[in-house]
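Notes follow once the structure below has been shown.
The values are calculated or read from the model by the stated rules, or taken from the named source; none is laboratory data. Nothing here was measured: the structure is a model prediction, and the numbers come from that model. Cβ coordinates were reconstructed from backbone atoms using ideal geometry, including for glycine residues, and neighbour counts include every protein chain displayed. Calculation scope for accessible area: heavy atoms of the full protein, side chains included, ligands and nucleic acids excluded. Shrake-Rupley method; radii C 1.70, N 1.55, O 1.52, S 1.80 Å.
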Amino acid sequence: MAAIVVSLASSSSRSLSLLRIPSIAFSSYTLFTKLPSFPLLGLSPAVPSLRSHRGKRMAHVLAQATLGLTQPNLIESHKISFAAKEIDLVEWKGDILAVAVTEKDLAKDESSKFQNSILNKLDSRLGGLLAEASLEEDFTGKSGQSTVLRLPGLGSKRVGLIGIGNNSSSTAAYRSLGESVAAAAKAAKASNVAVVLASPDALSAESKLSTASAIVSGTVLGTFEDSRFKSDSKKPTLKSVDIFGLGTGPELEKKLKYAEDVCSGIILGRELVNSPANVLTPAVLAEEASKIASTYSDVFTATILDEEKCKELKMGSYLGVAAASTNPPRFIHLCYKPPSGQVKTKLALVGKGLTFDSGGYNIKTGPGCSIELMKFDMGGSAAVFGAAKALGQIKPEGVEVHFIVAACENMISGTGMRPGDILTASNGKTIEVNNTDAEGRLTLADALVYACNQGVEKIVDLATLTGACVVALGPTIAGVFTPSDDLAKEVISASEAAGEKLWRMPIEESYWESMKSGVADMVNTGGRPGGAITAALFLKQFVDEKVQWMHIDLAGPVWNDKKKAATGFGVSTLVEWVISNSSSKN
């Protein structure tokens with residue numbers, strides 16, 4: 001029997017770290033704390049500083065960090081124990097026996113008996129009530145359908161039929177199955193659930209491993225609810241899940257542990273994006289990153305750069321965005337190195353880290369501007385740090401990974417960048433700001449230059465960059481831009497294994513004409529047509545030609561409008577991609 005215990009929520013100590021604002025621990029990383037004597041907009045020292053003295057400024061920062069007197073609640077970790085078993089289903093004792101069925105599995109013979117052997121066995125014990133009930137409930141096995149029946153005659157109190165459709169070979173389908181199991185358990189207030197596929201023999205040995213992992217992931221993420229900011233919340237009741245028919249043993253146990261690690265990263269990503277901007281400031285985001293480094297200090301180090309250090313590195317593009325906010329920026333760099341062995345590949349994951357985006361002087365206004373949701377504009381950084389947490393537990397060999405985030409707020413003040421200003425990035429290129437609401441690419445410009453300077457071979461950046469990508473691909477698919485066919489194959493293959501949807505978009509070089517400036521090297525926005533493409537072309541200007549680079553625009557799938565919550569999108573794909581580049585594969 002293979003068993004694993006999965007934690008659904010962050011530990012109490014990590015939840016508390018969002019309360020310590022902006023206290024910093026010095027033991028696990030380097031912090032540069034000199035405050036600048038000049039405004040940092042475009043790195044121009046010609047304008048006198050409009051900022052107040054240090055003491056008054058720090059008091060203001062603390063006031064901003066506790067704005068509204070809101071603090072996240074202390075959430076105790078909820079755990080689910082998963083076990084892979086091979087026992088007689090009819091004898092299993094628990095609250096719900098959940099049977100995953102395809103539309104074909106529900107086929108019946110001339111006597112109205114199930115042709116599927118597992119369903120027929122259960123129905124025989126139930127005296128035909130399962131077949132009868134499935135007809136009355138109009139249950140056809142389509143994906144998304146489910147029905148939970150209280151039928152006497154089995155060891156379980158209830159039998160659940162969960163439809164997985166006929167295209168049930170994908171990771172996404174089995175993750176959805178796990179989510180349905182979690183929903184059924186919540187509705188029935190069940191604590192013990194068993195999951196079985198009606199047709200497990202159709203899966204290969206490798207597919208059984210990935211299927212079990214996907215079921216665990218879906219169940220964990222389906223059970224998780226971020227209640228840190230609710231005055232009253234109920235704890236999940238689900239405590240254990242048994243999985244039948246997919247094998248047992250060390251290899252499966254390793255796969256379940258892998259699912260646990262990835263889920264912990266996804267949950268961190270969700271919590272970071274869900275946290276409001278009056279709680280999650282750039283300094284607090286840096287503290288969350290530093291906690292990853294201290295928790296997994298055997299493989300991680302962290303460097304946090306303040307404004308003055310970024311000024312020394314000539315990051316005028318990034319600092320131009322940060323200049324208007326009283327919450328100072330933090331440039332975050334986590335570095336993963338394997339605990340042993342030689343490093344064969346060096347990678348970088350770069351995430352957009354706008355903890356709030358007002359749009360600046362081009363303020364977001366009107367219906368559909370979504371300014372109230374702009375806490376999710378750091379969704380790229382959440383994916384990067386979620387992947388970092390997961391990899392700190394998995395500890396892949398042979399790969400070095402740099403996690404880089406230029407964190408700041410895009411606000412409005414007398415010190416803020418204006419339309420028409422010219423910024424100078426750290427690679428010397430100049431940018432005429434024709435729209436202050438195209439700020440994410442400005443922060444990523446200096447982050448990408450910094451990443452290239454780490455000597456990496458491949459870079460993937462993630463950003464909630466354009467509404468144009470949402471218009472093109474909708475709310476559940478992220479756009480992928482890269483000049484490298486090899487990198488495209490690697491990351492898209494990783495996304496398929498992770499069950500996340502990516503679609504490769506063109507990088508049309510002729511569109512760069514719309515990005516040319518009369519007074520600088522470039523402007524920061526082109527025309528309305530092809531907005532996601534011109535944004536990618538802008539980022540390309542800051543990547544070394546020798547480095548393989550990919551840009552992922554996840555503005556759509558970072559947020560679930562129906563659930564009004566973050567998705568944690570990107571974490572699974574990043575982890576899979578890093579593992580595929582390592583010398584230790586799961």
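Can you spot a residue in segment 55-78 that is farther than 30 Å from residue 178 by Cβ, open to solvent by less than 20 Å² (accessible area, probe 1.4 Å), modelled with pLDDT under 90 and in contact with an Asp or Glu (Cβ under 8 Å, 6 or more places away or on another chain)? Outline the logic, then answer.
Pass one, segment 55-78, residues farther than 30 Å from residue 178 by Cβ: 55-71.
So of that shortlist, the ones also open to solvent by less than 20 Å² (accessible area, probe 1.4 Å) come out as 61, 65.
After this cut, where a residue has to be modelled with pLDDT under 90 as well, the list is 61, 65.
Going one step further and asking which of them are in contact with an Asp or Glu (Cβ under 8 Å, 6 or more places away or on another chain), we end up with none.
No, segment 55-78 contains no residue that is farther than 30 Å from residue 178 by Cβ, open to solvent by less than 20 Å² (accessible area, probe 1.4 Å), modelled with pLDDT under 90 and in contact with an Asp or Glu (Cβ under 8 Å, 6 or more places away or on another chain).
Can residue 104 be described as modelled with pLDDT of 90 or more and either crowded, with 20+ Cβ neighbours inside 10 Å or in contact with a Gly (Cβ under 9 Å, 6 or more places away or on another chain) (or both)?
Numbers: modelled with pLDDT of 90 or more: yes; either crowded, with 20+ Cβ neighbours inside 10 Å or in contact with a Gly (Cβ under 9 Å, 6 or more places away or on another chain) (or both): yes.
It is true that residue 104 is modelled with pLDDT of 90 or more and either crowded, with 20+ Cβ neighbours inside 10 Å or in contact with a Gly (Cβ under 9 Å, 6 or more places away or on another chain) (or both).
Only residues in segment 123-134 that are in contact (Cβ under 8 Å) with a residue 24 or more places away in the chain and within 14 Å of residue 97 (Cβ to Cβ) count as the first member; pair them with residues that are open to solvent by 30 Å² or more (accessible area, probe 1.4 Å) and assigned to a loop (DSSP other than H, G, I, E, B), Cβ under 7 angstrom, at least 6 apart or cross-chain, and list the lot.
125/153; 126/153
Can you find, within segment 319-357, the residue that is nearest to residue 288 (Cα to Cα) among those that are within 22 Å of the chain's Cα centre (by Cα) and of a type in the set (Lys, Arg)?
Looking at residues that are within 22 Å of the chain's Cα centre (by Cα) and of a type in the set (Lys, Arg), I get 330.
Those residues that are of a type in the set (D, E, K, R) and out of contact with any helix residue (DSSP H, G or I) (no Cβ under 7 Å at 6 or more places or on another chain), I need them from segment 287-315; list them, please.
Pass one, segment 287-315, residues of a type in the set (D, E, K, R): 287-288, 291, 298, 306-309, 311-312, 314.
Answer for segment 287-315, where residues must be of a type in the set (D, E, K, R) and out of contact with any helix residue (DSSP H, G or I) (no Cβ under 7 Å at 6 or more places or on another chain): 298, 306, 308, 309, 312.
Can you go through 185, 133, 190 and tell me which one is out of contact with any Asp or Glu (no Cβ under 9 Å at 6 or more places or on another chain) and not in a strand (DSSP E or B)?
Values: 185 fails: out of contact with any Asp or Glu (no Cβ under 9 Å at 6 or more places or on another chain); 190 fails: out of contact with any Asp or Glu (no Cβ under 9 Å at 6 or more places or on another chain).
On inspection, the qualifying residue turns out to be 133.
Only residues that are open to solvent by 70 Å² or more (accessible area, probe 1.4 Å) and under 19 Å from residue 572 (Cα atoms): list them for segment 462-505, please. So that I can check it myself, show each step before the final result.
Within segment 462-505, the subset open to solvent by 70 Å² or more (accessible area, probe 1.4 Å) is 471, 475-476, 483, 485-486, 489, 496, 501, 503-504.
Passing the criteria: 475, 476, 489, 496, 501, 503, 504.
Does residue 295 count as of a type in the set (S, T, N, Q), within 23 Å of the chain's Cα centre (by Cα) and farther than 26 Å from residue 560 by Cα? First the steps, then the outcome.
Working: of a type in the set (S, T, N, Q): yes; within 23 Å of the chain's Cα centre (by Cα): yes; farther than 26 Å from residue 560 by Cα: yes.
Yes: the conditions hold for residue 295.
Out of all the residues in segment 428-437, is one or more buried (at least 20 other Cβ atoms within 10 Å of the Cβ) and closer than 30 Å to residue 253 by Cα?
No, the conditions are met nowhere in segment 428-437.
Among the residues of segment 293-312, is there at least one that is assigned to a helix (DSSP H, G or I) and without any contact (Cβ under 8 Å) to a residue 12 or more places away in the chain?
Residues of segment 293-312 that are assigned to a helix (DSSP H, G or I), as a first pass: 293-295, 307-312.
From what's left, without any contact (Cβ under 8 Å) to a residue 12 or more places away in the chain: 312.
So far as segment 293-312 goes, yes, one or more of its residues are assigned to a helix (DSSP H, G or I) and without any contact (Cβ under 8 Å) to a residue 12 or more places away in the chain.
This table checks each residue for (1) touching a Leu at 6+ places or on another chain (Cβ under 7 Å); (2) farther than 25 Å from residue 578 by Cα; (3) touching a residue at least 40 places away in the same chain (Cβ under 8 Å).
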{"position": "189", "(1), (2), (3)": "no, yes, yes"}
{"position": "200", "(1), (2), (3)": "yes, yes, yes"}
{"position": "220", "(1), (2), (3)": "yes, no, yes"}
{"position": "223", "(1), (2), (3)": "yes, yes, yes"}
{"position": "238", "(1), (2), (3)": "no, yes, yes"}
{"position": "255", "(1), (2), (3)": "yes, no, yes"}
{"position": "269", "(1), (2), (3)": "no, no, yes"}
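Return the residues of segment 98-130 that are of a type outside the set (Val, Ile, Thr) and in a loop (DSSP other than H, G, I, E, B); say none if nothing qualifies.
Initial filter on segment 98-130 (of a type outside the set (Val, Ile, Thr)): 98, 100, 103-117, 119-130.
Answer for segment 98-130, where residues must be of a type outside the set (Val, Ile, Thr) and in a loop (DSSP other than H, G, I, E, B): 103, 107, 109, 110, 111, 112, 113, 115, 116, 126, 127, 128.
Pick from segment 506-535 the residues that are under 18 Å from residue 426 (Cα atoms) and open to solvent by less than 70 Å² (accessible area, probe 1.4 Å): which of them is nearest to the chain's Cα centre (by Cα)? Spell out the reasoning first.
If we filter segment 506-535 for residues that are under 18 Å from residue 426 (Cα atoms), which is where we start, we get 520-524.
Narrowing the set further to residues that are open to solvent by less than 70 Å² (accessible area, probe 1.4 Å) leaves 520, 522-524.
Working: 520: 36, 522: 31, 523: 30, 524: 27 Å.
Among those residues, the one meeting the criterion is 524.
I'm told residue 294 meets every condition in (1) touching a strand residue (DSSP E or B) at 6+ places or on another chain (Cβ under 7 Å); (2) open to solvent by 10 Å² or more (accessible area, probe 1.4 Å) except one. Can you identify the failing condition by its number?
(1)
Name the residue, out of 334, 354, 319, 373, that is in contact with a strand residue (DSSP E or B) (Cβ under 9 Å, 6 or more places away or on another chain), surrounded by fewer than 24 Cβ atoms within 10 Å (Cβ to Cβ) and either aliphatic (A, V, I, L, M) or farther than 18 Å from residue 410 by Cβ (or both).
One residue alone meets the criteria, 373.
Filter segment 344-387 down to the residues that are farther than 16 Å from residue 463 by Cα, of a type outside the set (A, V, I, L, M, F, W, C) and part of a helix (DSSP H, G or I) and list them by number.
372
What number of residues within segment 117-130 are open to solvent by less than 20 Å² (accessible area, probe 1.4 Å) and closer than 27 Å to residue 208 by Cα?
Keep residues of segment 117-130 that are open to solvent by less than 20 Å² (accessible area, probe 1.4 Å), which gives 119, 122-123, 126, 130.
When the remaining residues are screened for being closer than 27 Å to residue 208 by Cα, the result is 119, 122-123, 130.
So the answer is 4.
Take the residues of segment 193-204 that are touching a Gly at 6+ places or on another chain (Cβ under 7 Å) and of a type in the set (A, V, I, L, M, F, W, C): which is farthest from residue 102 (Cα to Cα)? It would help to see each step written out before you state the result.
Going residue by residue through segment 193-204, those that are touching a Gly at 6+ places or on another chain (Cβ under 7 Å) are 193-194, 196-197, 200.
Restricting the remaining residues to those that are of a type in the set (A, V, I, L, M, F, W, C) gives 193-194, 196-197.
On the way: 193: 20, 194: 18, 196: 12, 197: 9 Å.
Among them, the one singled out is 193.
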